[in-house]
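Engineer: Provided herewith is a single structure, encoded as C-alpha cells, for subsequent inquiry.
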Amino acid sequence: MSTPFDGEAYAARIAALAATGQDMHGEANFVAALVEPGARILDAGCGTGRVGARLAELGFDVAGADVDASMLAVARRIPGVRWYLADLAELDLSDTPDAAPFDLVVAAGNVFPFLAPGTGARVLERLAAHLRPDGLLVSGFGLDRAHLPAPAATVPIEDYDAWCAAAGLTAVDRRGTWDGDPWTAAGGYAVSVHRRTT
C-alpha cells in the first residue's frame, strides 16, 4: 500500500462502527459462501485483521498479509491466524508454513486503490501465484471518489480486469456490494470474483 495507517486509530474506528450495531462481517460472509468448510484462505492487505479473524472464527484456515506494520501489529493480537508483514507486490510465502497454495485469496477494504502507483498488475500476479489451480480471488473496492477514502486512487474496473486476465484469472461474478447486490457501472463499488485458470 502506498500510504501508512495508524493501526490503533483504524481499529478504534471499526470498533465504534461495530458498537452501533452495523454488520462488520459482510466480506467474510460473502467469502465463506464460495468455498468448502475448512478451506485455506489468504487475507491479502489484511490491515488490522477484521476479515481474516472472522473467517478463522468460521472455521477456515487463514493467513493474512499486509505491508503496514502499524495495522499488522493490531492484527497480531488476534489468535488463530498466521500474520505476515509483506508487500503484496513482492509476496512470497514459499518459505513459510503457508507455502501450499490457497483455495481463495480475498482483498477487501479498498486494497487496490491503496496500492503504490503502477503495482496493480504485479500484485495480481503475486496473488494468483498463491492460488491453487481453480482457486478464487475475491476483491472489493470503490470505483469513484464518493466510494473511496482519501487518499486512495481510483482504479478503473477495466484496468483491474485486464490485470486479472494477464495473471491467468478469469471473471466469474461481479456484485455491487458484499451483501451480493447486483452490480451496475453507475454503482461506484465492485466486488469481483475471478478464478485461476492457468
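Engineer: Inside region 162-198, can you point out the residues that are surrounded by fewer than 17 Cβ atoms within 10 Å (Cβ to Cβ), closer than 21 Å to His130 by Cβ and at pLDDT 95 or above?
Structural biologist: Correct list: Ala162, Ala165, Ala166, Thr170, Ala171, Val172, Asp173, Thr197.
Engineer: Considering every residue within region 108-117, establish whether at least one is farther than 20 Å from Thr170 by Cα, open to solvent by less than 40 Å² (accessible area, probe 1.4 Å) and in a strand (DSSP E or B).
Structural biologist: Scanning region 108-117, I find no residue that is farther than 20 Å from Thr170 by Cα, open to solvent by less than 40 Å² (accessible area, probe 1.4 Å) and in a strand (DSSP E or B), so the answer is no.
Engineer: Separate question: Can Thr177 be described as polar (S, T, N, Q) and over 16 Å from the mean Cα position of the chain (by Cα)? Break it down into steps so the answer makes sense when it comes.
Structural biologist: On the way: polar (S, T, N, Q): yes; over 16 Å from the mean Cα position of the chain (by Cα): no.
So Thr177 fails the test.
Engineer: Just to be sure before I move on: is Ala152 more than 16 Å from Thr198 (Cβ to Cβ), in contact (Cβ under 8 Å) with a residue 40 or more places away in the chain and not in a strand (DSSP E or B) in the structure I sent?
Structural biologist: yes
Engineer: Can you name the residue in region 44-91 that is among the charged types (D, E, K, R) and assigned to a loop (DSSP other than H, G, I, E, B) and is also surrounded by the fewest Cβ atoms within 10 Å (Cβ to Cβ) among such residues?
Structural biologist: Just the residues of region 44-91 that are among the charged types (D, E, K, R), to begin with: 50, 54, 57, 61, 66, 68, 76-77, 82, 87, 90.
Those still in the list that are assigned to a loop (DSSP other than H, G, I, E, B) too: 68, 76-77, 87.
Working: Asp68: 22, Arg76: 17, Arg77: 11, Asp87: 17.
Taking the candidates together, the pick is Arg77.
Engineer: A further question on this structure: Limited to region 165-195, what total is found for residues that are part of a loop (DSSP other than H, G, I, E, B), touching a Ser or Thr at 6+ places or on another chain (Cβ under 7 Å) and polar (S, T, N, Q)?
Structural biologist: So the answer is 0.
The values are calculated or read from the model by the stated rules, or taken from the named source; none is laboratory data. None of these values were measured; they are calculated from a predicted model. Note: ideal-geometry Cβ built from the backbone for every residue, glycine included; neighbour counts use all protein chains shown. Side chains included, ligands, DNA and RNA excluded: accessible areas come from the protein's heavy atoms. Shrake-Rupley method; radii C 1.70, N 1.55, O 1.52, S 1.80 Å.
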